[in-house]
Amino acid sequence: MTAGHRAEPPGASPPTLDFADFYQSHFHRLAVQLYAYLGDHAEAQDLTQEAFCRLLERWDRVSGYDDPYAWVRRVGWNLATSRLRRVRTAVRHLARQRPEHVPGPEPDRVALLRALATLPAAQRQAIVLHHLAHLRVAEIAEQLGVPAGTVRSWLSRGRAALATYFSERQEAGRA
């Protein structure tokens, strides 16, 4: 016989417990215990609620135990202990993380990104693939599924638009 089970004489039926009454009389007691253990009232209530939900799924069986509260209390404490383990693991993981200082983008990079954003998508893609990814025109054409002449046209138009953009910016900076 396992702990918490009632020793029933053959043919005897256990007295029927009402789950709602049981919940009403035991919820607060378990929630207070878990709150004292966890130090977080909302978490304690959530875990107590979870323990009672698990109890409800097994109420037909557990209500026949000598002490059904012992079962729900054990489930609640197991949930709380698991929760603390997860929190400790997360805290240890975060403690190992070292904040890295990542400098912001240089002004030239910001200016380039703004200029690229003014180009039509096809021209921008061709410029980036050619000048930043260092792909040849034929490779870009193959990747994009267009003729090489189209890529050369996009590159030419994109470069011209960028030259105009930076010329206008330079003139505006002088004024």
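The values are calculated or read from the model by the stated rules, or taken from the named source; none is laboratory data. A quick note: this is a predicted structure, and the numbers were derived from the prediction, not measured. Here the Cβ positions follow ideal geometry from the backbone for every residue, glycine too, while neighbour counts run over all protein chains shown. Heavy atoms of the whole protein, side chains included, go into the accessibility calculation; ligands, DNA and RNA do not. Shrake-Rupley method; radii C 1.70, N 1.55, O 1.52, S 1.80 Å.
How much accessible surface area, in Å² rounded to 10, belongs to the heavy atoms of Ser82 with a 1.4 Å probe?
Roughly 40 Å² of Ser82 is accessible to a 1.4 Å probe.
Just the number, please: Stokes-Einstein D of segment 78-175 in µm²/s, Kirkwood Rh from C-alpha pairs, 20 °C, 1.002 mPa s. Working shown, then result.
On the way: Rh = 17.3 Å.
Translational D for this selection: 124 µm²/s.
Note down the nm distance, to one decimal, between modelled labels 7 Å out along Cα→Cβ at Glu168 and at Val110.
A separation of 2.0 nm, rounded to one decimal place.
Please give the FRET efficiency for Asp67 paired with Arg92, using the beta carbon to beta carbon distance and R0 = 35 Å, rounded to the nearest 0.05.
0.45
What figure, in Å² to the nearest 10, do you get for the accessible area of Val102 with a 1.4 Å probe and non-protein molecules left out?
About 110 Å², rounded to the nearest 10.
Run the numbers for His41 and Ala20: contour at 0.36 nm per residue of separation, minus the present Cα-Cα distance, in nm.
That pair, His41 and Ala20, stretches by 5.3 nm at full extension.
Whole number in Å², please: accessible area per residue of the chain, 1.4 Å probe, ligands, DNA and RNA not counted.
70
Which one is right for this structure if semi-axes √(5λ) of the Cα gyration tensor in Å is calculated from it: (i) 30, 19, 16; (ii) 31, 18, 13; (iii) 72, 22, 15?
Looking at semi-axes √(5λ) of the Cα gyration tensor in Å for this model, the match is (iii).
Once you list every other residue whose beta carbon is under 14 Å from the beta carbon of Ala42, what net charge do they have if Lys and Arg are +1 and Asp and Glu are -1?
-3
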